[in-house]
1. Length gain on complete extension for the stretch Asp87 to Asp145, per 0.36 nm per residue less the alpha carbon to alpha carbon distance?
2. Could you check the spin-label model distance between Glu154 and Ile135? Points 7 Å from the Cα along Cα→Cβ, value in nm.
3. For Lys46, which aspartates and glutamates qualify as cross-link partners when the Cα separation must be under 18 Å and same-chain residues fewer than eight apart are set aside?
4. Multiplying the sequence separation of Val70 and Thr185 by 0.36 nm and subtracting their Cα-Cα distance, what value in nm do you get?
5. For P(r) over Cα pairs in 5 Å bins from 0, in percent, which listed value, (i) 1, 6, 13, 16, 17, 14, 11, 9, 6, 4, 2, 1, 0, 0, 0; (ii) 1, 7, 14, 19, 21, 17, 11, 6, 2, 1, 0; (iii) 1, 7, 14, 15, 12, 9, 8, 7, 7, 6, 5, 4, 2, 1, 0, 0, comes from the coordinates shown?
6. Which of Leu89, Ser158, Gly173 sits farthest toward the positive end of the charge dipole of the chain, with +1 on the Cβ of Lys and Arg and -1 on the Cβ of Asp and Glu?
7. When Cys103, Cys108 are ordered from fewest to most other Cβ atoms inside 10 Å of their Cβ, what list results?
8. Can you pick out the pairs among Lys9/Lys130; Lys56/Lys130; Lys90/Lys130; Lys91/Lys153; Lys28/Lys130; Lys90/Lys153 whose Cα atoms lie more than 21 Å from each other?
Amino acid sequence: MTPRITEDKWNETHQTILNTAQQLFAVKGYNGTSMNDIVKESGVSKGAIYNHFESKERLFLSLMEVQTQVGFSQLEATFSDDDTSVDKLKKILAVTFSGSVSCPRELCMMQTEFMVSASRIESIVPELQKRYRMIRDFMVAIIEDGKRRGEIKEELDSESIVTLVFATLDGLGFQYSTLGIAFDTDRLLAQLMEMVLREIQP
């Protein structure tokens, strides 16, 4: 008779796999880490790992989802009741900019490797799109609230502005992770802030 696995044991194993994978991805990169590496380092059997995650892509996607939720929580914790919509947008730009070009290059490379690999898997692409829409919609909602408050131009196309901002950040992140281009991050962030604020403020 197969022993029953308690919920606590399941959760403990799940977290062990995630923690081990995160450490290996950070050291060896996404492409350089195999499921066998995770089995060996975690002490969890291959069968058990595949019971939790059907593929390396699903495992990495779970890590990204956790990272996104933590990022949202940390960002919202910086918002104060006195913040205008513009104040909130400035904080979002600072955080997302830092995540694109100020993180260790190895971490940016790891995410780029994953995005290229996962984009070939039809079942995962919708989940990547969902994650992007969640981040985009968060920023769009703040802009729309600012328009209602008179803090942001009423005629502004919120979705287009957000799309252009993230396209810029993604482009910078790609140059940084793949080409190793070092940016003057303070100057670049200040310029990006100026461009966005000049466009959105009445």
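1. Using 0.36 nm per residue and subtracting the Cα-Cα distance, I get 19.6 nm.
2. Taking the two extended label points, one gets 3.3 nm.
3. Cross-link targets: Glu12, Asp37, Glu54, Glu57.
4. 39.1 nm
5. Given (i) 1, 6, 13, 16, 17, 14, 11, 9, 6, 4, 2, 1, 0, 0, 0; (ii) 1, 7, 14, 19, 21, 17, 11, 6, 2, 1, 0; (iii) 1, 7, 14, 15, 12, 9, 8, 7, 7, 6, 5, 4, 2, 1, 0, 0, the structure-derived one carries the label (i).
6. Gly173
7. The fewest-first ordering by Cβ neighbours comes to Cys103, Cys108.
8. Cα-Cα > 21 Å for Lys9/Lys130; Lys90/Lys130; Lys28/Lys130; rest within.
Read-outs: derived from the displayed coordinates by stated rules, not from any lab. For clarity, every value in this text was computed on a predicted model and none was experimentally measured. Reconstructed Cβ throughout: ideal geometry from the backbone, glycine too, with neighbour counts over all protein chains shown.
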